[in-house]
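This report concerns only the one structure given below.
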Amino acid sequence: MAIDTPTPTTPTATAAAAPTSGSRGPAPAPDRLTGRAKLVLFVLCAAQFMVALDFSVLNVALPVLGKDLGLSRSALQWAVTAFALPSGGFLLLFGRIADLYGRKKLFLTGLTLFGAASLLATLAWDPASFLAGRALQGLGAAVIVPTGMSLLTTTFPEGPLRDRAIGISGTLLSLGFTIGMVLGGVMTDTLGWRSTMGLLSVTAVLVLALAPRLLPESRTPERPRLDVPGAVTVTGGLLALIYSLSTAAQRGFGGADVLGTLVAGLLLLAAFAVVESRTPAPLVSLPMLRRRTVAWGNAGGLITFSMMSTVVFVLTLYLQETLGLSSFRTGLVFGVQGVASAFAGSYASKVIGRFGARRTLVGSLLGQGVFTAALLAVGAGSGALVATVAVSLASMCHLGAIISYGLTVTSGVPDAEQGLATGLVTTTQQVGLTIGIPLLGVLATTQASLFGGVRTVLAIDAAIVVAAAVLVGAGLGVRGVKKA
């Protein structure tokens with residue numbers, strides 16, 4: 001599978017040899033990365049890692065940040081929500097724009113915006129300037145994530161090379177969340193909260209310095225008109241949905257604004273489905289959504305992200321408030337989790353090569369559910385070791401699910417629609433990260449006993465993941481031991 005650019009004379013990072021004139025067919029896809037391909041992969045993964053880091057690096061700094069800028073405790077949620085709204089709401093739109101007008105061009109634009117926004121957040125002088133920086137960071141992330149992933153899937157041919165590339169990207173994505181939690185605490189204690197935003201700005205500049213020379217341009221050969229009604233309804237629907245769920249995590253579902261935006265979001269998404277069924281050039285192809293791999297693969301991705309984010313949330317409460325561990329020692333627990341995830345990532349492509357992406361997705365979901373259930377063995381007075389081991393094993397399975405669901409969704413999709421497919425993947429990721437804690441995490445914080453609430457959440461979480469494994473397996477037609 002070659003890059004779908006109409007001007008293929010520019011050297012690209014794809015390791016697939018183009019067929020020469022007179023050849024009987026395309027050259028077989030190689031199974032080793034060239035030196036240039038490794039550099040391309042480094043640039044794309046560095047950008048994804050940077051965005052993943054941004055999701056978590058600021059969390060432990062929020063109390064200090066609030067005192068410095070004058071943000072009240074109730075307003076601190078906006079430091080997270082201001083980023084989550086645009087980063088989740090605009091993913092599908094920018095993924096499609098990249099398909100039509102050039103993935104590299106938009107990727108570089110997103111990097112520039114993200115770097116400038118990080119600098120604004122670093123230098124923020126009041127709450128408004130900081131939240132503006134966070135919102136622009138989210139908008140930049142909404143550009144970087146789908147364009148970076150579609151550049152990866154169109155640059156590396158389907159097969160061992162793509163499996164390996166997505167495996168490395170998924171590993172760094174998982175590590176970015178984990179490292180952000182540990183690094184955020186260390187940097188805030190030693191250099192202040194502004195250093196966490198400054199790190200992101202420097203990283204964006206470094207990636208931006210390498211990307212123009214290494215990345216190939218890639219777009220669809222045709223130039224259909226952009227589906228504006230579809231873009232408006234899906235973007236508005238996602239923005240309303242993410243706002244309502246993010247706000248519910250802080251204030252519950254009783255507020256009029258929460259219920260109003262939740263209903264508005266669902267109505268807009270329903271309108272989006274109607275619009276897409278009638279437009280000649282839809283933003284999202286409904287036949288694509290009806291593909292078994294796309295529908296069930298994204299369902300598996302939604303479950304693995306939403307349920308694992310909930311586990312991390314309630315486990316943080318348990319370690320600090322029930323066991324009384326310090327922020328540093330809690331960070332060490334998640335540091336072990338990150339190492340375990342990296343180890344799993346190094347073997348993920350081999351597992352997928354042996355069993356196939358679909359079977360790996362189902363098995364990974366099942367493993368995540370089982371090891372989440374193992375966390376029920378923790379006690380009210382001790383359990384840090386059990387928690388460390390169980391959450392690390394659950395995270396290894398979680399990483400397998402991340403990588404295999406991305407491959408399941410994008411495999412077999414034409415290059416012309418890779419931006420759309422990867423936009424769906426990344427939208428699923430963002431929505432999953434957003435809905436888990438509001439839907440389940442609040443059960444831990446609203447019960448009379450925090451420890452009892454944590455156990456309730458873990459039990460429900462494990463049951464949902466195991467049930468999802470069964471349903472996704474049935475939906476994907478995974479049976480027996482034959483490679484799927």
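Identify, by number, the condition in (1) at pLDDT 85 or above; (2) in a loop (DSSP other than H, G, I, E, B) that Glu217 doesn't meet.
(1) is the only condition that Glu217 fails.
For segment 284-295, does any single residue satisfy the condition of being at pLDDT 85 or above, open to solvent by 30 Å² or more (accessible area, probe 1.4 Å) and in contact with a Ser or Thr (Cβ under 8 Å, 6 or more places away or on another chain)?
No, because not a single residue in segment 284-295 is at pLDDT 85 or above, open to solvent by 30 Å² or more (accessible area, probe 1.4 Å) and in contact with a Ser or Thr (Cβ under 8 Å, 6 or more places away or on another chain).
Only residues that are more than 16 Å from Thr456 (Cα to Cα), part of a helix (DSSP H, G or I) and open to solvent by 20 Å² or more (accessible area, probe 1.4 Å): list them for segment 364-388, please.
Passing the criteria: Leu366, Ala384, Leu385, Val386, Thr388.
Among the numbered conditions (1) of a type in the set (Gly, Ala, Ser); (2) surrounded by fewer than 22 Cβ atoms within 10 Å (Cβ to Cβ); (3) free of Cβ contacts under 8 Å to residues at least 40 places away in the same chain, tell me where Ala124 comes up short.
So the condition that Ala124 fails would be (3).
Can you find a residue that is free of Cβ contacts under 8 Å to residues at least 24 places away in the same chain and more than 19 Å from the chain's Cα centre (by Cα) anywhere in segment 392-402?
Scanning segment 392-402, I find no residue that is free of Cβ contacts under 8 Å to residues at least 24 places away in the same chain and more than 19 Å from the chain's Cα centre (by Cα), so the answer is no.
Of the residues in segment 94-119, how many are modelled with pLDDT of 80 or more and either hydrophobic (A, V, I, L, M, F, W, C) or buried (at least 23 other Cβ atoms within 10 Å of the Cβ) (or both)?
Going through segment 94-119 one residue at a time, the tally reaches 14.
Would you mind stating whether Ala209 is over 25 Å from Ile435 (Cα atoms), crowded, with 23+ Cβ neighbours inside 10 Å and modelled with pLDDT of 75 or more?
For Ala209, the condition - over 25 Å from Ile435 (Cα atoms), crowded, with 23+ Cβ neighbours inside 10 Å and modelled with pLDDT of 75 or more - is not met.
Kindly provide the set of residues from segment 316-368 that are modelled with pLDDT under 80 and of a type in the set (D, E, K, R), ordered by number.
Listed by number, the residues that qualify are Glu321, Arg329.
With Ser349, Ser277, Ser285 as the choices, which residue is of a type outside the set (Lys, Arg) and closer than 25 Å to Val391 by Cβ?
Testing whether each residue is of a type outside the set (Lys, Arg) and closer than 25 Å to Val391 by Cβ leaves just Ser349.
Filter segment 32-54 down to the residues that are β-branched (Val, Ile, Thr) and modelled with pLDDT of 80 or more, then identify the one that is farthest from the chain's Cα centre (by Cα).
Looking at the filtered set, the residue picked out is Val40.
Any chance you could count how many residues in segment 393-410 are farther than 15 Å from Val425 by Cβ, among the hydrophobic types (A, V, I, L, M, F, W, C) and open to solvent by 10 Å² or more (accessible area, probe 1.4 Å)?
3
Under 6 Å between Cβ atoms, at least 6 apart or on separate chains: pull out the pairs that start in segment 338-356 with a residue that is open to solvent by 60 Å² or more (accessible area, probe 1.4 Å) and end on any residue that is in a helix (DSSP H, G or I).
Final answer for the pair search is Val351/Thr360.
The values are calculated or read from the model by the stated rules, or taken from the named source; none is laboratory data. Owing to the predicted nature of the structure, the values given are computational and were not obtained by experimental measurement. When we count neighbours, we look across all protein chains shown, and the Cβ atoms used for this are built from the backbone with ideal geometry, even at glycine. For the accessible areas, the whole protein counts, side chains as well, though only heavy atoms, and no ligand, DNA or RNA atoms are used. Shrake-Rupley method; radii C 1.70, N 1.55, O 1.52, S 1.80 Å.
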